[in-house]
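Here the structure comes first, spelled out in structure tokens, and everything after it is commentary.
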Amino acid sequence: MGFEFWKTSTIDQALAQFAKTKMENRQPAYYAGGTEILTLQRIQQLSIDVAIDIKDIPACLVHQLKEDYLVYGSCLTLTEIEDQNHFPLLTDICKEIADHTARNKITVGGNICGAIFYREAVLPFLLTDSILVLAGKNGLRTEYIHDVFHEQLQLQNGELFVQAFIEKRYISGEYIAIKVRQQWETGYPLITIAALEIDGEIRMAFSGLCPYPFRSITLENIMNNRMLSRQERIDQIVNHLPAPILNDVEGSEEYRIFVLTDLLEKVIARLEVD
């Protein structure tokens, strides 16, 4: 069999098609924006032969304020999130991913679930203790993001990321979001940092610093320890990262440490409450 493309309009259809394809010993993938699938297929870093289109599933397109939560469907494009701008921190992160043409296709779920390690869209969800809705063969389940995102989203075989819920109280929090690139305006990032001040304390999440995006309670405890000087906090954060610092064509380890130090200074200046 050659490559096949299946359109679905319900969660059950998508899950059934995925299971059927696996039973045939073929390689399926859920498809919404398709930018990463097409890119990785082209350079032979991904091998699938069935694309299951999920972008017409209503639950994956929800974008609304609902009671005490913001609800984001996984198939919302980054441009749609930017245009509605319900949550400015998420907007600022999304509008710095790729260029405008690509953002018209890239979905928030595709970015979070992607193989490319930056996955910057996940940072605001980590900072806000978001709740994810996942669909699998045993039905729907809801999980706090910290229970299912460890270096990447830990989906069961055939499971589909449907929605994310963020409490409204985070919308008005003071924040800072900075993306540093070494090369051109829309090149791959060197480091992206997102930070949010909640109840007098600073939360931080990073992408491009280590081999995966992360939020670290250990680093936040250091950042919020006023018994230490500003420089002592920055030095300790650099020394307590959860994984080795990246050293690649975008930037050396030493340069990333230099950039990180500057970013932490900016976070403190912007968010620390006197």
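Within the range 95-118, being within 13 Å of the chain's Cα centre (by Cα) and on the phi > 0 side of the Ramachandran plot holds for no residue.
For the range 31-67, taking the residues that are touching a strand residue (DSSP E or B) at 6+ places or on another chain (Cβ under 6 Å) and open to solvent by 70 Å² or more (accessible area, probe 1.4 Å), the one that is modelled with the lowest pLDDT is identified as Gln64.
Within the range 119-133, the set of residues being on the phi > 0 side of the Ramachandran plot and in contact (Cβ under 8 Å) with a residue 60 or more places away in the chain comprises just one member, Arg119. One residue alone among Phe161, Phe117 is of a type in the set (Phe, Trp, Tyr) and modelled with pLDDT of 95 or more, and that residue is Phe161.
Within the range 154-162, the presence of a residue that is outside any loop (DSSP other than H, G, I, E, B) and within 15 Å of Pro213 (Cβ to Cβ) is excluded. If you go through the range 77-87 and keep only what is touching a strand residue (DSSP E or B) at 6+ places or on another chain (Cβ under 7 Å) and either open to solvent by 10 Å² or more (accessible area, probe 1.4 Å) or under 21 Å from Gln156 (Cα atoms) (or both), you end up with Thr77, Glu80, Gln84, His86.
Could you list all residues from the range 118-153 that are part of a loop (DSSP other than H, G, I, E, B) and farther than 21 Å from Glu80 by Cβ?
Scanning the range 118-153 gives Asp129, Lys137, Asn138, Glu151.
Can you work out which of the residues in the range 134-184 that are polar (S, T, N, Q) and touching a residue at least 40 places away in the same chain (Cβ under 8 Å) is surrounded by the most Cβ atoms within 10 Å (Cβ to Cβ)? Residue satisfying both the conditions and the ranking: Gln163. Of the residues making up the range 99-117, those that are buried (at least 24 other Cβ atoms within 10 Å of the Cβ) and part of a helix (DSSP H, G or I) number 4. Restricting Lys179, Lys168 to those that are over 23 Å from Thr218 (Cα atoms) and either modelled with pLDDT of 95 or more or of a type in the set (D, E, K, R) (or both) reduces the list to Lys168.
Confirm whether Glu96 is open to solvent by less than 20 Å² (accessible area, probe 1.4 Å), among the acidic types (Asp, Glu) and at pLDDT 90 or above. When the stated conditions are applied, Glu96 does not pass them. Check whether at least one residue in the range 113-125 is farther than 23 Å from Leu246 by Cβ and of a type outside the set (Gly, Ala, Ser), and report yes or no. Checking the range 113-125: not a single residue is farther than 23 Å from Leu246 by Cβ and of a type outside the set (Gly, Ala, Ser).
Scan the range 17-28 residue by residue and report those that are open to solvent by less than 60 Å² (accessible area, probe 1.4 Å) and of a type outside the set (Val, Ile, Thr).
Within the range 17-28, Gln17, Phe18, Ala19, Arg26, Pro28 meet the criteria.
The values are calculated or read from the model by the stated rules, or taken from the named source; none is laboratory data. Quick caveat: nothing in here was measured; it's all calculated off a predicted structure. Cβ atoms come from the backbone with ideal geometry, glycine included; neighbour counts cover every protein chain shown. The area values use the complete protein model at the heavy-atom level, side chains included, leaving out ligands, DNA and RNA. Shrake-Rupley method; radii C 1.70, N 1.55, O 1.52, S 1.80 Å.
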